[in-house]
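J.: Pasting a structure below so you can have a look.
The values are calculated or read from the model by the stated rules, or taken from the named source; none is laboratory data. What you are looking at is a predicted structure, and each value in this text was computed from that prediction instead of being measured. Note that each Cβ is placed from the backbone with ideal geometry, even for glycine, and that neighbours are counted across all protein chains shown. Surface accessibility is based on the protein's heavy atoms, side chains included, excluding ligands, DNA and RNA. Shrake-Rupley method; radii C 1.70, N 1.55, O 1.52, S 1.80 Å.
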Amino acid sequence: EPEVTQTPSHQVTQMGQEVILRCVPISNHLYFYWYRQILGQKVEFLVSFYNNEISEKSEIFDDQFSVERPDGSNFTLKIRSTKLEDSAMYFCASSEDSSNQPQHFGDGTRLSIL
Amino acid sequence: DQQVKQNSPSLSVQEGRISILNCDYTNSMFDYFLWYKKYPAEGPTFLISISSIKDKNEDGRFTVFLNKSAKHLSLHIVPSQPGDSAVYFCAASGTSGTYKYIFGTGTRLKVLA
């Protein structure tokens with residue numbers, strides 16, 4: 001069964017450094033998402049992406065964050081200058097369609113900011 | 001953001017019995033609801049969903065019930081198996097053309113052999 005893959009599984013970065021988290025969505029999916037889960041908290045929506053542009057973003061997704069689909073397969077989340085509070089699990093998801101089609105999640109990247 | 005709540009952090013059930021996981025929501029504009037299962041060190045795995053035009057959806061051992069008037073949904077697993085032991089999240093979406101999911105805090109299910 002096709003799946004969403006994320007790399008790396010664990011990223012350790014110094015505060016203030018830039019980090020790029022990578023995702024390969026399911027190949028026929030058109031909608032892409034990033035979520036995060038801070039330890040002990042809920043899974044929270046960050047951003048959705050369709051047709052090469054952001055369709056929605058949360059208040060968490062400030063100017064330090066950006067997303068890109070640099071080629072036909074990868075979908076990346078960049079954090080420009082990481083903060084301690086960015087430490088979390090980051091999940092990428094994709095869906096065929098936007099409405100009433102489930103989003104399928106990758107196994108996540110654990111981001112640890114030192 | 002308390003729009004989706006799972007009030008039971010944990011649940012233990014004997015193998016072969018029914019597991020019932022509950023979820024409440026506050027936003028009447030939600031029109032699509034899902035249940036995900038999550039094992040440690042893995043991402044959420046989609047289990048089953050239901051549109052607000054239905055009150056029940058069944059897939060094998062899993063059934064989701066939606067009570068719109070009570071703003072409540074539940075997941076029934078029958079019969080429960082040890083491999084079902086995981087954290088279960090409910091999620092909701094569909095307000096005003098947004099497709100983001102709002103997740104509950106999760107319920108840890110332990111199925112005892």
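J.: Might you check whether a residue that is closer than 22 Å to A:GLU3 by Cα and within 14 Å of chain B (Cβ to nearest Cβ) occurs anywhere in the stretch A:69-83?
T.: no
J.: Would you pick out the residues in the stretch B:7-36 that are acidic (Asp, Glu) and either more than 14 Å from the chain's Cα centre (by Cα) or within 14 Å of chain A (Cβ to nearest Cβ) (or both)?
T.: If we filter the stretch B:7-36 for residues that are acidic (Asp, Glu), which is where we start, we get B:15, B:24, B:31.
Listed by number, the residues that qualify are B:GLU15, B:ASP31.
J.: To continue, here is another question. How many of the residues in the stretch B:55-75 are under 13 Å from B:LEU34 (Cα atoms) and either modelled with pLDDT under 95 or open to solvent by less than 60 Å² (accessible area, probe 1.4 Å) (or both)?
T.: Total satisfying the criteria: 9.
J.: State whether the residues of the stretch B:83-106 include one that is more than 26 Å from A:SER99 (Cα to Cα), more than 11 Å from every other protein chain (Cβ to nearest Cβ), open to solvent by less than 20 Å² (accessible area, probe 1.4 Å) and in a strand (DSSP E or B).
T.: For the stretch B:83-106, residues more than 26 Å from A:SER99 (Cα to Cα), more than 11 Å from every other protein chain (Cβ to nearest Cβ), open to solvent by less than 20 Å² (accessible area, probe 1.4 Å) and in a strand (DSSP E or B): present.
J.: Do you know which of the residues in the stretch A:84-114 that are more than 14 Å from chain B (Cβ to nearest Cβ) and open to solvent by 50 Å² or more (accessible area, probe 1.4 Å) is farthest from the chain's Cα centre (by Cα)? Spell out the reasoning first.
T.: Initial filter on the stretch A:84-114 (more than 14 Å from chain B (Cβ to nearest Cβ)): A:84-87, A:111-114.
Next, only the ones that are open to solvent by 50 Å² or more (accessible area, probe 1.4 Å) stay: A:84-85, A:114.
Numbers: A:LEU84: 18, A:GLU85: 16, A:LEU114: 20 Å.
My answer is A:LEU114.
J.: Is it true that some residue in the stretch A:35-50 is away from every other protein chain (no Cβ under 14 Å) and either surrounded by 22 or more Cβ atoms within 10 Å (Cβ to Cβ) or touching a residue at least 40 places away in the same chain (Cβ under 8 Å) (or both)? It would help to see each step written out before you state the result.
T.: Residues of the stretch A:35-50 away from every other protein chain (no Cβ under 14 Å): none.
No: the stretch A:35-50 contains no residue that is away from every other protein chain (no Cβ under 14 Å) and either surrounded by 22 or more Cβ atoms within 10 Å (Cβ to Cβ) or touching a residue at least 40 places away in the same chain (Cβ under 8 Å) (or both).
J.: Same structure again: Given (1) open to solvent by 80 Å² or more (accessible area, probe 1.4 Å); (2) under 12 Å from the mean Cα position of the chain (by Cα); (3) without any contact (Cβ under 8 Å) to a residue 40 or more places away in the chain, where does A:ARG22 come up short, assuming only one miss?
T.: (3)
J.: Let me ask something additional. Looking at the stretch B:56-75, can you tell me whether even one residue there is within 11 Å of chain A (Cβ to nearest Cβ), part of a loop (DSSP other than H, G, I, E, B) and within 17 Å of B:ASP24 (Cα to Cα)?
T.: No, every residue in the stretch B:56-75 fails to be within 11 Å of chain A (Cβ to nearest Cβ), part of a loop (DSSP other than H, G, I, E, B) and within 17 Å of B:ASP24 (Cα to Cα).
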